[in-house]
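The values are calculated or read from the model by the stated rules, or taken from the named source; none is laboratory data. This is a predicted model, so every value here is computed, not measured. All Cβ positions, even for glycine, are placed from backbone atoms using ideal geometry, and neighbour counts span all protein chains on display. The area values use the complete protein model at the heavy-atom level, side chains included, leaving out ligands, DNA and RNA. Shrake-Rupley method; radii C 1.70, N 1.55, O 1.52, S 1.80 Å.
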Amino acid sequence: MEVGMAFKDYNGRISSLDFHRASSYLVTASDDESIRLYEVTGGTCLKTINSKKYGVDLVCFTSHPTTVIYSSKNGWDESLRLLSLHDNKYLRYFKGHHDRVVSLSLCSRKDCFISGSLDRTVLLWDQRAEKCQGLLRVQGRPAISYDDQGLVFAIAFGGYIRMFDSRKYEKGPFEIFSVGGDISDANVVKFSNDGRLMLLTTADGHIHVLDSFRGTLLSTYNVTPVSCNSTLEASFSPEGMFVISGSGDGSIYAWSVRSGKEVASWRSATSDTGPPVIKWAPGSLMFATGSSELSFWVPDLSKLGSYVGRK
């Protein structure tokens, strides 16, 4: 893979990015207090919206390709906001957290989402209502994620991943998986598209891959640890055969899930360190990274012939 296109017009680090599941849109959030909408196929920035009053930290698409939910970064208002990028209008505010939101996941099948905060709560929301529909208390920084079906969600903290049934979450977790004694802060938890695997990243620079049904720890990859203000992000490729991850030194790594071995690495091209945010595009041979610039990574065609011959 190589950088096919880069957008260098940011005045701050990119804190979050998300691909829409059913369109070719990508959205980014940046420390320069901007939200930007891109059309990936054409490689164009369609819109830039500033959030000077609230700042912007995490951003996720809803099912609609021009509507997003985002968290603020101003330190005094921890509300989440439902924003129409089409006409730059707030459709709803979600108030309930009392500290920075560090994890956000939308359900693919229903208009609901979950948020995890440094106030040690995980809140469950319906996009149509301003008040949360449920509250779960945790003992640490929570990393949260729905599975692809929206039937199950995971909450990770304190060296364990707790699995909840979305329909009866109030009964507590139906499974608790250990991640091999790694009790450093959970950063990101994610499911593979087929739901068979899950990954957890931690502040100490570990990426754990587990069987999501049995909880078996399949492999652990190690990168440079991240600072307490940063998030180590990793992502499964669409078919679940590879994991790509950022690193505390700004580099990017890729591993084979089957063999557990590193298959590629790309050293940081920018002078800034800190882990890039990173996500694989749904169903495409492409991923995006964000640091002080946004990069689209595509196959290096000059190397493809030798690779095919080797196979």
Label-point gap, in nm, between Ser302 and Lys261 - each point 7 angstrom along Cα→Cβ
2.6
Pull up the cross-link candidates among the lysines for Lys303, meaning alpha carbon to alpha carbon under 17 Å and not fewer than 8 places away within one chain.
Lys311
Inter-label distance, nm, simple model (7 Å from Cα along the C-beta direction), Phe174/Leu285
3.8
Ignoring everything but the protein chains, give the 1.4 Å probe accessible area of Tyr25 in square angstrom, nearest 10.
60
Scaled by the rule-of-thumb 2.2 N^0.38 Å, the alpha carbon Rg for region 228-281 gives a ratio of 1.14
Violations at 18 Å Cα threshold for listed pairs Lys47/Lys190; Lys190/Lys279; Lys8/Lys47; Lys53/Lys95; Lys47/Lys89; Lys53/Lys73 -> Lys47/Lys190
Quick one: net charge around Pro142, please, counting Lys, Arg +1 and Asp, Glu -1 for every other residue with C-beta under 13 Å from its C-beta.
+2
Rounded Å value of the spacing that divides the Cα centres of region 136-213 and region 17-82
25
Accessible carbon and sulfur surface of the chain relative to its total accessible area, %, 1.4 Å:
49
Here the chain gives, from Cα atoms, an Rg and Dmax in Å of 18.3, 57
Taking H as built 1.01 Å from N, whose amide H comes closer than 5 Å to the amide H of Met5, not counting residues under 5 places away?
Phe296
Given only helices, namely DSSP H runs of n ≥ 4 each adding -39500 (n - 2.57), what is the per-residue ellipticity at 222 nm of the chain, to the nearest 500 deg cm²/dmol?
-1000 deg cm²/dmol
Cα convex hull of region 25-168, projected area averaged across orientations, nm²:
8.8
Aspartates and glutamates whose Cα lies under 19 Å from that of Lys261, excluding same-chain neighbours fewer than 8 positions away
Asp211, Glu233, Glu239
List, in order, the whole-Hz ³J(HN,Hα) value for each residue of region 293-301 obtained from phi through the Karplus relation with A = 6.51, B = -1.76, C = 1.60 and θ = phi - 60°; use x for Gly and Pro.
9, 9, 10, 9, 9, 10, x, 7, 5
Using DSSP to call loops (not H, G, I, E or B), can you name the trypsin sites (Lys or Arg not before Pro) in region 177-264 whose Cβ has at most 16 other Cβ atoms within 10 angstrom?
Arg196, Arg214, Arg258, Lys261
